Structure formats: structure tokens, C-alpha cells
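Trainee: Sharing a structure with you now.
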Amino acid sequence: MKLRGKVALVTGSGRGLGRAYALRLAALGADVVINDVNLDAAREFNEPLSAPTVMDEVRACGGRSLGIQADVTKKDQVDAMVEQVVRDLGRIDILVNNAGGALTPFERGFASMMPEADARFILDVNLMSTIFCCQAVAPHLKAQKSGKIINVSSQAGLRGNDTGALAHYCVSKAGVAEYTRLLAGELGPHNVTVNAIAPGVVITSRAKIQFGRGVDPVKTAEQEKRIPLRRLGTPEDCAKVVEFLATDLSDYVTGQVICVCGGMVLSPS
């Protein structure tokens, strides 16, 4: 129970990766705030829960939980959310900036042609949401001289590709990686660590619906051939690294972007 007495906020945790992070932190004893633009997101993507809501799943682990429906691309909503967390739970110790994704049509995402509206939306969803949440919690972490911020970049943000596809998503996740390093330098003197994970291809409920991953055996086999560990990732694979970054195991680790990709990072594209 390394995190007993700690309060964690996980954005985009109504389903998928965010839910896995929230439950991992709850199992370690933390009180966990569930944030999503739709707190019923698991039902939307047919993701089974072990209790009526994700908040109930956290409580079943023995901790307290709040559910806050808020759009983290809106600074005023982020500020209000963090103030509610501190008011209702007394403090905040851990922030996991999970909200985001590649949420526009693939065919419109090439570098030379992506529409302005798509580009601004994806930058807001992935990069600006991370910045807003970090800025909202930073004064509280600095005041208590402790804290852990865990951002979520992507393999897409660490290397290019030879087609120009998903350009806005790649740029936004590259921005998350660099922002992580900059914030780590600023908050280090206050005993606050700032790190990021960079997942590869991970099977989530949304990925299964959007791309057929984990459902189409031919597509899955093709993807697995390009991964040295020869399998796609799971939310639990990423949650284990979040555990490392949220606990005292990583007290002397900051400014890092840790690849959780089964070795995809070894491939040139």
C-alpha cells in the first residue's frame, strides 16, 4: 500500500488506459479522482466494469473516489476540477495526464493537408489539456514540496513515419514529451518529479472498435511482427510503469520519457 494517504487525479479515466491507471493506483492505496468528458465512457465502448462505475471500482479497493465530468481542453473546467479535488479530498499528490487520442479521421491527418480545425482540436486534446492540468496542480505540489506528475506521450511523438500520416497527433505527443522535460526542470527544486510514458500499440476497448486491433487476426499478426516482444500491449503493461512513476521507486527519476512499447522504439519507422 505504497500510496496510502495519497490523492491521485487521472484524466480520461472513464475507460481504457486511464481506467487501468486509476485502478492500479487504487490498489496501491491511493484515493483516486476519475475524470472524463463522459464518466460513462466504458459503456460507450462495451468495456466491462467490475462495479456500476469506475468510482465504485476504486472504492472497492478501499479508497475514496470522486467522479468529475470535465473537458480538460477547457482551462476554466480544469481549474475548477483541481480546486474541487483539493477541497473535497484535502490535497493532491499525483496527476496522470491520460486524456487524449487520435480522434479525427485518419485520411485527413497527413502533414501537407490536415485541416486547421483538426489540427487545433488534436493539439488541444493532447497537448493543451496536459499543460492546463499541470499548471492547475503545480501550485499545490510546490506548496507541499512533493508530488508526481505523469504525462502520456506516444511512440508517434518520438519518431517520424514515411507517410506523413497522423501528423497533428505526432506533433501533439512530441510536444507532451518536451513539455515534460521543461516542467521537470522547473519543479525539480520543489521535490516534484515530472515524467512521461510513451506507449506503443496497445489494445484498448476504443482501439478494438476503431481499428479492429485484437479482433482481426491478420492485422494483429502483421503488427506483432514489427514488435520485438511479438505481442501488442495491454493497459496493464502501461499501468505497471505508471505505478513505478507514482511511487517512491522513482523518487530520483525526473524529466524522462519511458517507452512502453514492447521494443517498437528499436524500429526506424
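Trainee: Using a Cα distance threshold of under 21 Å, what count of lysine pairs results for the chain when pairs must be 8 or more residues apart or interchain?
Mentor: So the count of such lysine pairs works out to 16.
Trainee: Describe numerically, in nm with one decimal, the distance between label points set 7 Å from Cα along Cα→Cβ at residue 83 and at residue 182.
Mentor: Placing both labels 7 Å beyond Cα along the Cβ direction yields 2.6 nm.
Trainee: Continuing with the same structure: Between residue 196 and residues 5 or more places away or on another chain, which pairs have amide H atoms under 5 Å apart, with H built 1.01 Å from N, and which residues are they?
Mentor: Amide H to amide H, under 5 Å and 5 or more residues apart or across chains, residue 196 pairs with 151, 256, 257, 258.
Trainee: Could you pull out every residue, at least 5 positions away or on a different chain, whose amide H is within less than 5 Å of the one on residue 147? Hs are placed 1.01 Å off N in the peptide plane, and Pro or chain starts have none.
Mentor: Answer set, sorted by chain and number: 193.
Trainee: Pop the C-beta distance of residue 234 and residue 116 into the FRET formula with R0 = 45 Å and round what comes out to the nearest 0.05. It would help to have the intermediate numbers written out before the result.
Mentor: Details: r = 36 Å, r/R0 = 0.79.
Here the calculated transfer efficiency is 0.80.
Trainee: With labels modelled as points extended 7 Å from the Cα through the Cβ direction, what inter-label distance (nm, one decimal) is found for residue 64 paired with residue 103?
Mentor: Each label point lies 7 Å from its Cα, and together they span 2.9 nm.
Trainee: To continue, here is another question. Can you list the HN-Hα couplings for the stretch 36-46, worked out from phi with the Karplus curve (6.51, -1.76, 1.60; θ = phi - 60°), rounded to whole Hz and with x for Gly and Pro?
Mentor: Running phi through 6.51 cos²θ - 1.76 cosθ + 1.60 with θ = phi - 60° gives 7, 6, 9, 5, 9, 4, 4, 5, 4, 10, 6 Hz.
Trainee: OK, next. In percent, what relative contact order does the chain have, based on Cα pairs under 8 Å that are 6 or more apart in sequence?
Mentor: Details: 540 pairs, mean separation 50.6, N = 269.
RCO, the chain: 19 percent.
Throughout, read-outs are computed from the coordinates displayed, never taken from laboratory work. Fair warning: this is a prediction, and the values are worked out from it, not measured in the lab. Positions of Cβ are backbone-derived with ideal geometry, glycine not excepted, and every protein chain shown enters the neighbour counts.
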